[in-house]
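Encoded as structure tokens, the structure appears first; notes follow it.
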Amino acid sequence: MKLKVVIHEAEEGGYWAEVPSIPGCATQGDTFDELLSNIYEAVEGCLAVDIDHIAMSGNDKVMEIAF
């Protein structure tokens, strides 16, 4: 899967980034390397779903897919 990330220089120093295809997914970092690390963590967190709250019957299945 490939995602476009918009990277901004923060007024107070450092950087912040947002992922337009995932509303509300944003992060920041004091350095560019820290920002890159934080982007992966933010996307993973934004896409994580707690399936414990989803009603499932005996015939339902959970799958993970890659794009």
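The values are calculated or read from the model by the stated rules, or taken from the named source; none is laboratory data. Quantities reported herein were computed from a predicted structural model and do not represent experimental measurements. All Cβ positions, even for glycine, are placed from backbone atoms using ideal geometry, and neighbour counts span all protein chains on display. When the accessible area is computed, the model is the full protein with side chains, heavy atoms only, and any ligands, DNA or RNA have been set aside. Shrake-Rupley method; radii C 1.70, N 1.55, O 1.52, S 1.80 Å.
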Probe 1.4 Å, accessible area per residue of the chain, Å² = 86
Describe numerically, in nm with one decimal, the distance between label points set 7 Å from Cα along Cα→Cβ at Ile22 and at Met56.
-> 2.1
Scalar couplings 3J(HN,Hα) for the stretch 28-44 by Karplus 6.51 cos²θ - 1.76 cosθ + 1.60 (θ = phi - 60°), nearest whole Hz, x for Gly and Pro, are 8, x, 6, 10, 5, 4, 5, 4, 4, 4, 5, 4, 4, 5, 5, 5, 4
Extending each Cα 7 Å along its Cβ direction at Asp30 and His8, get the distance between those two points in nm, one decimal.
-> 2.2
Give the carbon-plus-sulfur fraction of the accessible surface of the chain in %, rounded to a whole number; probe 1.4 Å, heavy atoms of protein chains only.
-> 53
Under-5 Å amide H pairs with Cys25, H placed in peptide plane, nonlocal only | Val19
Accessible area of Asp60, 1.4 Å probe, to the nearest 10 Å²?
-> 80
Ranked highest first by average number of other Cβ atoms within 10 Å, how do 15-23, 51-59 line up?
-> 15-23, 51-59
Quick one: give the max-minus-min coordinate of the C-alpha atoms of the chain along each principal axis, largest first, in Å.
-> 53, 23, 18
